[in-house]
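Just so you know, all these numbers are worked out from the coordinates, no wet-lab data involved. These numbers were taken from a predicted model, which means no experiment stands behind them. With ideal geometry, Cβ positions are generated from the backbone for all residues, glycine too; neighbour counts draw on all protein chains shown.
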Amino acid sequence: MHIGLVFLIESNFPNADPTGFRFARYVLIALLFVISFKRKKLSMWIFSAMILGIEVGMDFPTFALEMERFGKIFLRLIKSLVAPLIFATLVVGIAGHSNLKQVGRIGLKSILYFEIVTTIALFIGLLAINVSQAGVGVKVEARAQDKEKSTELLAQTLEHKDHFIEIFPENFAKSMVENQVLQIVVFSVIFAIGLSMVKNVTHKNTMLSFSESLAEVMFKFTDIVMYLAPIAVFGALASTVAKSGVEILFYLMKLVGTLYVALIIFVLGVLLPIALAARIPIKKFIKAVTEPVTLAFATASSEAALPKAMENMENFGVPKKIVAFVIPTGYSFNLDGTTLYLSLATVFVAQMSGVDLSIGEQISICLVLMLTSKGVAGVRGASFVILAGTVASMGLDPEKASVILAVDALMDMGRTSVNVLGNCLASAVIARSEKELFVKENDLFIDEA
């Protein structure tokens with residue numbers, strides 16, 4: 001808040017010495033780091049690194065671009081632990097403690113929940129853009145680098161893929177290399193079911209013991225990698241600010257504002273009532289999700305937050321088998337923030353192109369997005385690819401969507417945070433429906449069912 005105040009004062013006094021305001025900003029950032037050191041909380045360190053990254057990106061763009069490698073290193077380490085973590089936790093959760101009927105029941109509940117919530121998100125995005133009319137009268141040409149990026153991403157739409165088939169792995173090692181989370185989940189579930197059917201107790205217990213040990217080691221691996229999170233956040237945000245021009249941001253700020261308002265309405269008007277209806281202890285839940293959501297916002301990556309989200313929700317009191325199934329599956333099927341963004345951005349492009357869509361046409365777009373937005377998390381730039389494909393199906397030039405890429409990084413931070421928050425809540429809601437939500441308090445599990 002204090003840093004925002006300094007920025008506000010500086011913008012209202014353009015003739016003032018910028019050096020003085022810059023010094024004041026760095027003093028306030030230093031105070032944030034002192035507070036972070038005293039509190040010793042990862043979320044505070046990440047927040048402080050975010051502020052410093054924005055400042056360095058504005059003041060030292062050349063240096064900031066070099067810092068991008070820290071974010072890339074962090075994401076590489078995160079990707080390296082996702083597959084073994086999901087595999088181990090699912091095997092232990094299903095083969096060690098569950099029955100096959102419960103696995104099927106959890107799966108059906110999860111898919112039904114995902115479809116209902118993401119459909120609501122689509123229509124909230126549709127309502128928001130119709131109210132704000134953010135695309136009406138916007139005359140902005142896409143920047144050269146955005147056109148180049150959009151051409152590269154659009155090339156993926158030429159390669160036809162059956163996303164239903166893509167759910168099933170042909171090679172587990174290949175799924176791990178390509179970080180196909182849903183394929184890893186499917187393989188792990190089938191493996192766990194097969195293990196639960198093994199009659200030889202020695203063989204079964206040996207594999208269970210190995211998987212349990214692997215899960216514990218991977219959670220410790222996660223804790224080690226998280227020490228790098230503040231540095232990674234600093235590097236990612238500094239380079240993003242250095243790359244993004246501020247001129248085009250002015251023209252598209254109404255779009256960014258519409259998205260964030262819609263996301264807030266979705267969280268308060270949909271996710272919060274769901275949490276209250278499921279009797280989720282709100283304060284404890286917020287405490288559990290603060291770190292993964294902050295990490296998702298700063299890095300704009302659901303992958304970066306996935307291991308910490310799984311660890312924190314298990315510590316919150318959601319059983320291992322539910323955490324390991326619901327959160328990774330939601331990574332493909334429960335992208336609340338992304339689906340909301342897609343309906344909003346599609347109508348924005350139409351408004352910008354001067355096309356007046358009827359209510360029926362907009363609803364039909366949502367029906368299409370209900371299908372196309374599922375199961376494509378493994379596609380690089382998936383949200384833009386889906387957006388461009390939807391725009392093309394409306395008879396518009398998909399290249400027009402490339403204008404949005406100028407502010408996509410800023411919007412991606414918000415929608416990714418809501419994706420992670422929604423998946424964490426889904427795991428708690430499914431656990432409550434199974435009467436297996438045991439919320440921890442003072443290192444003990446207290447049954448609040």
(request) Go through 252-260, 105-113, 311-319 and give me the packing order, highest mean Cβ count within 10 Å leading. (result) 311-319, 252-260, 105-113
(request) Give the residue from VAL261, SER211, PHE74 lying farthest towards the positive end of the charge dipole for segment 41-447; charges sit on Cβ (+1 for Lys and Arg, -1 for Asp and Glu) and the dipole is referred to the Cα centre. (result) SER211
(message) Quick query: amide H of GLU178 versus all other amide H atoms, modeled in the peptide plane; which residues come in under 5 Å with a sequence gap of 5 or more or a different chain?
(response) none
(message) Can you give me the long-range amide H partners of VAL439? Hydrogens built in the peptide plane at 1.01 Å from N, cutoff under 5 Å, separation of 5 or more residues or another chain.
(response) ILE446, GLU448
(message) I need TYR227, TYR341 ordered by Cβ neighbour count within 10 Å, fewest first.
(response) TYR227, TYR341
(request) Report the full-extension gain for the segment LEU272 to MET197: residue separation times 0.36 nm, less the Cα-Cα distance, to one decimal in nm. (result) 23.0 nm
(message) Quick check on my link table: of LYS109/LYS283; LYS72/LYS287; LYS101/LYS308; LYS220/LYS320; LYS287/LYS308; LYS41/LYS79, which ones sit more than 18 Å apart, alpha carbon to alpha carbon?
(response) LYS109/LYS283; LYS72/LYS287; LYS101/LYS308; LYS41/LYS79
